[in-house]
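Contents: one structure, followed by commentary.
The values are calculated or read from the model by the stated rules, or taken from the named source; none is laboratory data. Quick caveat: nothing in here was measured; it's all calculated off a predicted structure. Using ideal geometry, Cβ is built from the backbone for each residue, glycine included, and neighbour counts are taken over all protein chains shown.
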Amino acid sequence: MIAELGLAVLWMAAALAVLQLVAGALALRPATAHLAGVVRPVAILQGALVACAFAALIWLFLSTDLSVKLVAENSHSAKPFIFKLAGTWGNHEGSMLMWVTIMSLAGGFVALIEKRLPENTLIATLAGQAFVSLGFYAFLLLASNPFERLPEPAPEGAGLNPLLQDIGLAFHPPTLYVGYVGLSIAFSFAIGALVTRDVGPAFARAMRPWVLGAWIFLTLGITAGSYWAYYTLGWGGWWFWDPVENASLMPWLAATALLHSCSVLAARNALRTWTVMLGVVAFSMSMVGTFLVRSGILTSVHAFAVDPTRGTFILALLAIYIGGALLLFGLRASTVTEGARFAVFSRESSLVFNNVMLCGILGIVLVGTLYPLLTEAMGVKVSVGPPYFNPVSSVFAIPMMMVMAVGPVLRWREDKGGRITWQVAVPALVSAAALLAVELIFAPINLLPALGLAIAPGLAVASFQPLVGRNLRRTPLPIYGMVVAHFGIAVALFGMASEGAFSTERLAAMNPGDSQQVGPFKVTLQDIGPIAGPNWTALEATVSASYSGGEPTILHPQARTFANPPGNRTESALLTRWNGQLYAVLGEEGDDGRWQMRFWWKPFVPMIWYGGALVALGGLLALLGRVARDVKRLVAVDKIAYRRERQGR
Amino acid sequence: MRGLLLALLALFALSAPLAAQDMLPPAPYAYKQLADPKQEAKAQALMETLRCLKCQSQSIADSDAPMAGDMRHQVRTRIAAGEDPEAIRQWLIERYGDYVSYTPQVKPITWPLFAAPLLFLALAAFLLRGRFRRRKGA
């Protein structure tokens, strides 16, 4: 019953999306302008209905309704509650329903609260949002129905992949999806603005909070995903340039560029076409990412060719939306003027530079991710991995971070070099000193980690410079946001460089009682014994670790065995200190009865994720500042209107 | 002389399956580091750029797959024997194809991959140069 209800509601929501699109498109013509009033309520209702459908699917998973195909294939009655819940989106159909839900909720939310856009642009935006949603409704209803019943209820579910039964991964996809789909708002805004030819500071100010929101979630999602990979895969790696990771990085890069060009448009009415194009590109990258992950093309081009239904569907959606938007952009771009001009030496220029470099990295990641698929289609299998991505993206990233250190202290429109001599000299000296220290003390270090260790401290110092000479109490919140986010980049960079430069690895076959030295730690394997969890059994090692002769700390790395579905997973044990992390893994038992233990000492590695969290926090501060200001302005506008009304009487 | 050779050959032929049986399963260096830290660092750097063929998007340095362990053993023993890392990479490429190397080999089929960053740099320079000009004109 619940399943049929969910499906019915989903169809109704799709029908409303059609209505929203048609009414929105007609409302833009003078003859049928009276239809404009329909669009907002329909958008809100559509969001509410899809939310109901998603709630129905959650209900089916929580109650483990095994007559529903999706539940039987992906859940199990003995799973802990949290993974029953997470199982809802831990599969193809469920995750696509979540995608549509977030998209329609976001559209409804825009309809509910957006008051700054000109009415026509808003109507066009909502029509655009409905247009994009419709493709995904079609995909859900025609090619991946989450509510399909089995002819006979299954006796028991097949369970969830053990790797996914982790609290980090339970919330990683929703976070990332909010980010991906949040960018659809920017996409629809861009389309709306192109249709009505209304691109200006007001448009940028209206779009910015949405982009900021999406960007915060993307940042959090990527950071959490990286940490998840780090501790569950059991080998201490934190970024693999895996296509799935790249799929999340590309929208982030585009959104970061969009965020910065939005500021230029809002503050200076410049970079109009560029900002609109980035709005289109950012969500296009989300869709490309979804295509890569959801079509099965990543496992193999041939696997894709064998069962191409879904892949072709998404590919068609990509062609329609990206192609259509770019066509609209090509037709309309020339009618949108580029806006105010600025000097070479100005804050606008530094932001343009940052944008171009971010797009360069985006291009590299896109090419490096897609190229192997292309050659595989031509019959040659090649791999593109870290040895390509790391140096090539650095070519763009390093100059970008140098400009990033200076950009925020530059003036809008035009500045003079002499004014900021100190602001350039201080970080440059800090970086030079760091480089010297790295080269003298830690001699043979690879080029990229050494550069990272040198740039990070300079960037950290530079990120606080916009606060110098300001009244800290009256500094707007978005400025603090920028400072915190830029500082976060420096912190993350330091963590990455330090991990690359200073990690020590120790692989050892050990008997209980044996000790090993790992960096500054002395680790002793004390004991190995069995342990049982809610739906797994494990071997658990007891390891004591003492930092340079200090008090020992006990660690419990596990090797878990899951029954439904059968699978193994290492559960690494981490010991975090202020200056790094000890990473311990229990491997298999050798023929001689000794245990394969793996240890890493990774100095300052947690800074990678602290940095990511700081970047997200910076975004949050900026968002709060913007929203608070908007609310204040709305209240002021209301007051004025109220006063006028009274005076009129 | 010839008889001796034949006898030796026969002996080898007999012992070969035995040797093969001994050779296959144990790969002691799959989970064991080389004693010399410099050699181990070299091996580690190479392993991080070799793809585990049985996994999805993992290097042989981050995989528990038996084949990855076997390849780690190969890499470590060859490094210990003094082979050059690039020679080992070439040997593996001959055996498993270009797919095994995360470092793309420079070949006609990968040229676009290396042209792309240059192209982007040129495009970036062009865009930024456009800014310079526009200002002088303005």
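Tell me whether the stretch A:542-552 contains one or more residues that are out of contact with any Pro (no Cβ under 8 Å at 6 or more places or on another chain), within 14 Å of another protein chain (Cβ to nearest Cβ) and of a type in the set (Ser, Thr, Tyr). Before the answer, list the steps.
The first filter runs over the stretch A:542-552 and keeps only residues out of contact with any Pro (no Cβ under 8 Å at 6 or more places or on another chain), leaving A:542, A:549-552.
Checking which are within 14 Å of another protein chain (Cβ to nearest Cβ) leaves us with none.
No, because not a single residue in the stretch A:542-552 is out of contact with any Pro (no Cβ under 8 Å at 6 or more places or on another chain), within 14 Å of another protein chain (Cβ to nearest Cβ) and of a type in the set (Ser, Thr, Tyr).
Does A:Leu621 fit the bill of being crowded, with 18+ Cβ neighbours inside 10 Å and either out of contact with any Cys (no Cβ under 9 Å at 6 or more places or on another chain) or within 30 Å of A:Ser498 (Cα to Cα) (or both)? Judged against the criteria, A:Leu621 is a match. When we screen A:Val365, A:Val288 for residues that are under 27 Å from B:Ser101 (Cα atoms), in a helix (DSSP H, G or I) and in the same structural domain as A:Gly128 (by TED's automatic domain parsing), the only hit is A:Val288. The listed residues are A:Leu317, A:Leu278, A:Leu259, and the only one of them that is within 14 Å of chain B (Cβ to nearest Cβ) and either of a type outside the set (Phe, Trp, Tyr) or buried (at least 20 other Cβ atoms within 10 Å of the Cβ) (or both) turns out to be A:Leu278.
From the list A:Ala13, A:Ala3, exactly one residue is under 20 Å from A:Thr101 (Cβ atoms), within 28 Å of the chain's Cα centre (by Cα) and assigned to a helix (DSSP H, G or I). Which is it?
Working: A:Ala3 fails: within 28 Å of the chain's Cα centre (by Cα).
The conditions single out A:Ala13.
Can you find even one residue in the stretch A:302-311 that is touching a residue at least 24 places away in the same chain (Cβ under 8 Å) and aromatic (Phe, Trp, Tyr)? Looking through the stretch A:302-311, none of the residues is touching a residue at least 24 places away in the same chain (Cβ under 8 Å) and aromatic (Phe, Trp, Tyr). None of A:Ala36, A:Ala53 is surrounded by 19 or more Cβ atoms within 10 Å (Cβ to Cβ) and not in a loop (DSSP other than H, G, I, E, B) except A:Ala53. Which pairs turn up if I take residues in the stretch A:496-524 that are away from chain B (no Cβ under 11 Å) and look for partners that are part of a loop (DSSP other than H, G, I, E, B) and hydroxyl-bearing (Ser, Thr, Tyr) with beta carbon separation below 7 Å, at least 6 apart in sequence or on another chain? That search, which allows pairs on different chains as well, returns A:Pro520/A:Ser548. Of all the numbered requirements in (1) in contact with an Asp or Glu (Cβ under 8 Å, 6 or more places away or on another chain); (2) surrounded by 21 or more Cβ atoms within 10 Å (Cβ to Cβ); (3) within 25 Å of A:Ala497 (Cα to Cα), A:Trp238 misses one, and that requirement is (2). Here A:Lys416 meets the list (1) within 21 Å of A:Ala454 (Cβ to Cβ); (2) more than 11 Å from chain B (Cβ to nearest Cβ) almost entirely, failing just condition (1).
Of all residues in the stretch B:34-79, which are among the charged types (D, E, K, R) and more than 10 Å from chain A (Cβ to nearest Cβ)? B:Asp36, B:Lys42, B:Lys54, B:Asp70, B:Arg76, B:Arg78 - these are the residues of the stretch B:34-79 that are among the charged types (D, E, K, R) and more than 10 Å from chain A (Cβ to nearest Cβ). Within the stretch A:153-170, the only residue that satisfies the criterion of being assigned to a loop (DSSP other than H, G, I, E, B) and farther than 16 Å from A:Glu73 by Cβ is A:Asp166. Inside the stretch A:222-252, residues that are more than 13 Å from every other protein chain (Cβ to nearest Cβ) and of a type in the set (A, V, I, L, M, F, W, C) make up a count of 6.
Would you point out the residue of the stretch A:377-392, among those that are in a helix (DSSP H, G or I) and more than 9 Å from chain B (Cβ to nearest Cβ), that is farthest from A:Ala270 (Cα to Cα)?
The residue in question is A:Ala377.
Scanning the stretch A:561-600 for residues that are more than 26 Å from A:Ser546 (Cβ to Cβ) and assigned to a loop (DSSP other than H, G, I, E, B) yields A:Ala563, A:Asn564, A:Pro565, A:Pro566, A:Asp591, A:Asp592.
Based on this model, can you work out whether A:Leu112 counts as surrounded by fewer than 24 Cβ atoms within 10 Å (Cβ to Cβ) and assigned by TED's automatic domain parsing to the domain that holds A:Phe189? Don't jump to the end; show me each part of the working.
Values: surrounded by fewer than 24 Cβ atoms within 10 Å (Cβ to Cβ): yes; assigned by TED's automatic domain parsing to the domain that holds A:Phe189: yes.
Criteria met by A:Leu112.
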